[in-house]
Amino acid sequence: MKYTWEISALECKIKDGDLDNVIYTVHWRLGVSNELKDKEEIKTDTYGSLILESPTAVDFVPYDQITKEQVIGWLESKLDVDSLKEGLNKQIDFIANPITITKIQPFK
């Protein structure tokens with residue numbers, strides 16, 4: 001399984017005390033892909049948003065210096081990533097091994 005974080009958007013407070021462009025919400029997606037034998041690659045994802053606490057002047061990083069890795073670190077420290085991955089793994093398994101099917105009625 002290969003897991004990938006995507007940061008969809010960062011919501012910022014224009015001013016938070018003496019700080020400018022303070023990120024307060026991260027909109028994210030966590031995707032997974034798995035290539036199965038003799039089948040094409042299967043992909044799925046989950047998404048959400050995380051509200052952050054206001055930073056102090058000491059731990060504040062200016063907006064233009066934020067990296068994707070830092071944002072992912074915030075997500076991984078606050079979200080139950082193991083549970084998210086478990087849910088994604090179940091989705092992959094269901095896609096690869098469906099237990100239901102939608103069919104057109106056999107009558108007119």
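Read the figures in this text as sums done on the coordinates, not as results from a lab. A quick note: this is a predicted structure, and the numbers were derived from the prediction, not measured. Cβ atoms come from the backbone with ideal geometry, glycine included; neighbour counts cover every protein chain shown.
Name the residue from Thr56, Thr25, Ile95 whose Cα lies farthest towards the positive end of the charge dipole of the range 2-96, charges +1 on Cβ of Lys and Arg and -1 on Cβ of Asp and Glu.
The listed residue farthest towards the positive side: Ile95.
Report the gain in length on full extension from Lys78 to Lys2: 0.36 nm times residue separation, minus Cα-Cα distance, nm rounded to one decimal.
Extra length available between Lys78 and Lys2 comes to 25.3 nm.
Using alpha carbons only, how many degrees (0 to 90, rounded to 10) separate the axis of helix 81-96 from the longest principal axis of the chain?
20 degrees
Cβ neighbours within 10 Å, averaged per peptide: list 58-68, 83-93 in order, most packed at the top.
The most tightly packed comes first, giving 83-93, 58-68.
Based on the Cβ-Cβ distance from Lys15 to Tyr47, what FRET efficiency comes out when R0 is 41 Å, to the nearest 0.05?
The value I calculate is 0.90.
If you place +1 on the Cβ of every Lys and Arg, -1 on the Cβ of every Asp and Glu, and leave all else neutral, what size is the dipole of the chain about its Cα centre, to the nearest 20 Debye?
I would put it at about 760 debye.
With runs of 4+ DSSP H residues as the only contributors, calculate the mean residue ellipticity of the chain at 222 nm using -39,500 (n - 2.57) per run, divided by the residue total and rounded to the nearest 500.
-8000 deg cm²/dmol, from helical runs alone.
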